[in-house]
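See structure below.
The values are calculated or read from the model by the stated rules, or taken from the named source; none is laboratory data. From a predicted model like this one, the values you see are computed outputs, not experimental measurements. No Cβ is skipped: glycine too gets one built from the backbone with ideal geometry, and neighbour counts run over all protein chains shown.
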Amino acid sequence: MSPLLASIRPELAWEPFTPTRKSRWSVEKAAHLYRRAAFGAPWDVIEAAAALTPVEAVENVIRGRDGIERFEGDIARLTLGTLESNNSRELQGLWMYRLLNSPHPLKEKLTLFWHNHFATSHAKVNSVRLMHSQNDTLRRYALGSFAGLLREMTFDPAMLIWLDSNTNRKGAPNENYAREVFELFSLSPGHYTENDIKEAALALTGWSAKDEQPFFNPAEYDAGEKTIFGQKGAFTAGDVVRLALSQPACARFIVRKLFRELINDHDLPPDALIEPLAIEYRLRDYDTGWLVKRMLSSWLFYSEASIHQRIKSPIEFVVGTVRSLSGTISPLQASEVCAQLGQSLYFPPNVKGWDGGREWISSTTLLLRQNVAFEITKGRDEAARLDPARLAVKYQAKTPDQIADLFLNMFVQQTQSPAREQIVTQLKAEIESASDRPFAQRENQARLARLAAHLVLALPEAQLS
């Protein structure tokens with residue numbers, strides 16, 4: 001555990017953040033909220049959030065912007081064509097369109113979180129319709145009850161195919177889902193036995209996917225008595241879920257995973273820090289909306305133990321950059337770029353999902369991210385409407401110092417960064433190198449803005465959320 005996390009007092013960690021003279025509500029903290037909970041936001045949105053109270057800012061993120069109903073209508077029309085195509089690339093593009101444009105980015109961020117939790121791959125399911133249906137279920141429960149989500153996933157057709165429930169029959173049980181529902185979906189290793197898995201597999205017999213629907217065949221169900229977690233009964237699939245949810249380890253496990261997603265992805269939180277949330281989460285029937293709001297409102301969330309303490313996933317990096325630049329990009333192009341960086345929507349590497357954290361970063365992926373940043377900020381594609389030069393004009397940043405500060409503020413909120421002087425020097429060198437060419441002031445400003453945006457996005461700090 002890092003000294004930063006060790007310094008947090010558990011009894012105060014989850015109390016609502018209240019500004020003081022020593023710890024003010026600021027654009028830096030507002031930007032942290034939007035970066036962590038909404039993939040980032042345009043600078044004017046960050047400034048507007050900083051003018052609110054912390055409570056109001058969090059409420060806005062939880063609620064989403066106006067226009068959700070209209071956006072969902074647009075999505076419904078796009079979905080029809082995607083399902084008819086039965087093309088996984090089109091399916092990826094549809095979700096990327098949501099990630100880039102949704103008025104409710106927190107819901108999309110948590111849908112992505114649950115996709116990684118219940119990691120299911122199109123590579124095996126091989127049905128755009130079933131993968132899309134599962135994605136809709138994850139979104140529906142993204143800020144709802146984890147208890148309801150676990151029940152839904154147990155009978156989800158894509159999941160039934162993914163974990164071989166079609167071969168889980170009376171007399172020849174397949175233990176795949178029984179193992180993963182305990183190990184990866186609800187409890188984590190050490191909180192169940194091999195016998196619990198074997199008995200749970202019997203309770204899950206009879207379920208399969210048929211005609212793109214969950215199907216139960218009573219003839220394939222083992223109706224005998226089972227013993228799970230020391231309890232005896234003629235348990236069914238629903239009982240397996242109920243018994244898992246009844247274990248105190250379940251709430252702790254999900255709270256820890258959301259801690260890693262929203263607070264800090266590399267420091268292991270002590271039990272004393274997790275337990276208060278885990279107890280109430282379980283009492284509230286696993287109300288994820290309550291848990292997320294509590295985390296985003298807390299002293300811990302706005303502390304040094306949280307700010308810039310997570311490594312951005314490829315999707316967070318790409319989507320966050322586009323959202324921060326107030327631009328648009330082809331969803332298909334964006335999803336392909338994320339796949340090149342190691343995160344292909346609907347194709348997690350295995351049932352554990354993406355490991356995340358430090359696994360996102362290597363010398364190879366850092367170079368790829370720099371290349372992606374260059375492509376995003378070069379401003380040559382009119383169709384992309386993703387030109388940093390527009391923002392330099394909007395915020396009247398003209399000199400190398402002003403332009404460097406604009407993009408350092410926008411992407412990392414660190415105008416005191418040690419890299420600032422180097423960036424300013426490079427911008428001045430760019431002016432010098434072009435001194436013999438008759439650039440207009442506006443064109444010079446545009447070149448400097450694009451270069452500054454690229455240089456900031458290539459910084460180590462820009463890989464952190």
Q. Right, R139: within 19 Å of L187 (Cα to Cα), assigned to a helix (DSSP H, G or I) and basic (K, R) or not?
A. no
Q) Are any residues in region 39-77 surrounded by 19 or more Cβ atoms within 10 Å (Cβ to Cβ) and either in contact with a strand residue (DSSP E or B) (Cβ under 6 Å, 6 or more places away or on another chain) or over 17 Å from Y302 (Cα atoms) (or both), and if so, which ones? A) A41, W43, V45
(Q) Please go through region 182-211 and give me each residue that is in a strand (DSSP E or B) and of a type in the set (D, E, K, R), ordered by number. (A) K210
(Q) Quick check on my filter: what residues within region 325-339 are at pLDDT below 95 and not hydrophobic (A, V, I, L, M, F, W, C)? (A) S326, G327, T328, S330, Q333
Q: Could you tell me whether any residue of region 85-106 is closer than 14 Å to T288 by Cβ, modelled with pLDDT of 95 or more and crowded, with 19+ Cβ neighbours inside 10 Å?
A: yes
Q: Kindly state which helices (runs of 4 or more DSSP H) lie completely within region 1-65 and contain at least 2 residues that are in contact (Cβ under 8 Å) with a residue 12 or more places away in the chain and among the hydroxyl-bearing types (S, T, Y).
A: none
Q | Among (1) farther than 26 Å from A458 by Cα; (2) out of contact with any helix residue (DSSP H, G or I) (no Cβ under 8 Å at 6 or more places or on another chain); (3) outside any loop (DSSP other than H, G, I, E, B), the one test that Q333 misses | A | (1)
Q) Out of E304, E275, which single residue is farther than 25 Å from K352 by Cβ, surrounded by fewer than 21 Cβ atoms within 10 Å (Cβ to Cβ) and within 22 Å of the chain's Cα centre (by Cα)? A) E304
Q | Subset of region 352-384 [aliphatic (A, V, I, L, M) and either out of contact with any Phe, Trp or Tyr (no Cβ under 8 Å at 6 or more places or on another chain) or surrounded by fewer than 19 Cβ atoms within 10 Å (Cβ to Cβ) (or both)] | A | I361, L366, L367, L368, A373, I376, A383, A384
